[in-house]
Amino acid sequence: MTLSVIVAMCDVREFCRTALRSLALNAREDFEFIVVDDCSADGTSEILREMVPGIPGAVLIRNERNLGISATRNIGLAAARGRFFTFLDGDDWYAPGYLAELVGWMSESGVDFLRTGHVRVYGRKRKIVMAPLAPRALPLDPADYIGPVDASTFMDYPQSWAGIYDRERLREADALFFDESLRTAEDRPWFYKLHLRMRSFGVVDLHGIFYRRDVSTSLTKVPDERQLDFLPAFRMIFDELSHHPRGYELSFKAMRTLCALIVIHLGREEQYEELTRDLLRARGAQILFDLPQDILEGTLAGMDSARVTKLRELMSQHQGAAAR
């Protein structure tokens, strides 16, 4: 088996037919499609039972209870037999022939993983999104492309479905599976593991996966505590960095991203439940206090004054609350 596609499905009744048809248009005798239904409750399950048996190479697995995206992908990965693997979310789709092109590039490159661009979908509008700036040459050292600190890099492009991966090489590096405690932001520590543990990667200008933005069922839209999983995700990232020879140097990029995300979430906190807002402020301040202060101060020195002011106010408020 050359390729395994892990397809996570959960309450995507409105979109899953398009995703499944795109699998059929990409089918090949050495491809398998592992569709994992995470206990959908909106009619998605009935559509999957109807359509999956008609797709060459497709198998259907149903979770008896809702486990979340990380565990659902892990179930698919555990069942995978392909030399390579990639992902598709249930509300996205592939262009015809895309997977054959992707496998062709991966087979020729010999790298541990390959990253691609994608097409962002806003209703009827389409926008091509390039993979972050890197030489379109093979192979590249993954650790070299975590930074620079003040530029958009692959650490700011944590879309696991925009790529293809060598299953056995990731398994050997203990980098195959996602942390199941994370309900959102699961891709961020996963990609840090890949860039710190794998030996080679590459970038190609393929744009055959269509990614729907602003879908109402997306976890990025929920107002509850799941929004805050980026905080424990970054604790995992800093732990991973602490075991790498270049960890100190590369930690400045992680800190910059963490600070920027905290400010973004503070800017949208009125959309969250009251408990989530309180937890965001308490946990956001706590992680900034807990991480290395020289890295934090070095990061703040390079950020704009508006964001620095918000972060220092957050930390000051938390210190004041702790003192009372």
Gap in Å between the Cα centre of segment 119-140 and the Cα centre of segment 253-315?
28 Å
Which whole-number percent gives the relative contact order of segment 213-322, counting Cα pairs below 8 Å spaced six or more residues apart?
31 percent
Per residue accessible area of the chain, 1.4 Å probe, in Å²
45 Å²
Count neighbours as other Cβ atoms within 10 Å of each site's Cβ, and list the trypsin sites (Lys or Arg not before Pro) in segment 136-199 that are DSSP loop with at most 16 such neighbours.
Arg136, Arg199
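Over segment 222-324, what percent of the accessible surface lies on carbon and sulfur atoms, probe 1.4 Å?
Working: 2650 of 5100 Å².
Carbon and sulfur: 52 percent of the exposed surface of segment 222-324.
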Place a point 7 Å from the Cα of Asp150 along the Cα-to-Cβ direction; which residues of segment 237-257 have their backbone N under 20 Å from it?
249-257
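For the chain: lysine pairs with Cα atoms under 27 Å, gap of 8 or more or different chains, count?
Value for the chain: 7.
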With N residues in segment 182-278, what two-decimal value do you get for its Cα radius of gyration over 2.2 N^0.38 Å?
1.26
Residue-wise HN-Hα coupling along segment 299-308, computed from phi with Karplus coefficients 6.51, -1.76, 1.60 (Hz; x: Gly, Pro)
5, 4, 5, x, 9, 5, 5, 5, 6, 4
Give me the accessible area of Ile264, 1.4 Å probe, in Å² rounded to the nearest 10.
80 Å²
Helical contribution to [θ] at 222 nm, DSSP H n ≥ 4, -39,500 (n - 2.57), averaged over the chain, rounded to 500
-13000 deg cm²/dmol
Which one, Glu186, Glu273, Glu168, has the greatest fluctuation when you compute a Gaussian network model over the chain with C-alpha springs under 10 angstrom?
Glu273
Ignoring any ligand, DNA or RNA, what whole percent of the accessible area of segment 57-128 comes from carbon and sulfur when the probe is 1.4 angstrom?
51 percent
Specify the residue with the greatest mean-square fluctuation among Leu291, Leu275, Leu266, computed from a Gaussian network of the chain linking alpha-carbon atoms under 10 Å apart.
Leu275
Given the options Thr257, Thr309, Thr153, state which has the largest fluctuation in a GNM of the chain using a 10 Å cut-off (strictly under) for Cα springs.
Thr309
Take Asp304, project a point 7 Å from its Cα along the Cβ direction, then tell me which residues of segment 128-167 have their backbone nitrogen under 17 Å from it.
150-152
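The values are calculated or read from the model by the stated rules, or taken from the named source; none is laboratory data. The structure presented is a predicted model; accordingly, all values stated were derived computationally and were not measured. FYI the Cβ positions are ideal-geometry reconstructions off the backbone, even for glycines, and counts take in every protein chain you see. Each accessible area value is taken on the protein alone, full model and side chains, heavy atoms only, with ligands, DNA and RNA left out. Shrake-Rupley method; radii C 1.70, N 1.55, O 1.52, S 1.80 Å.
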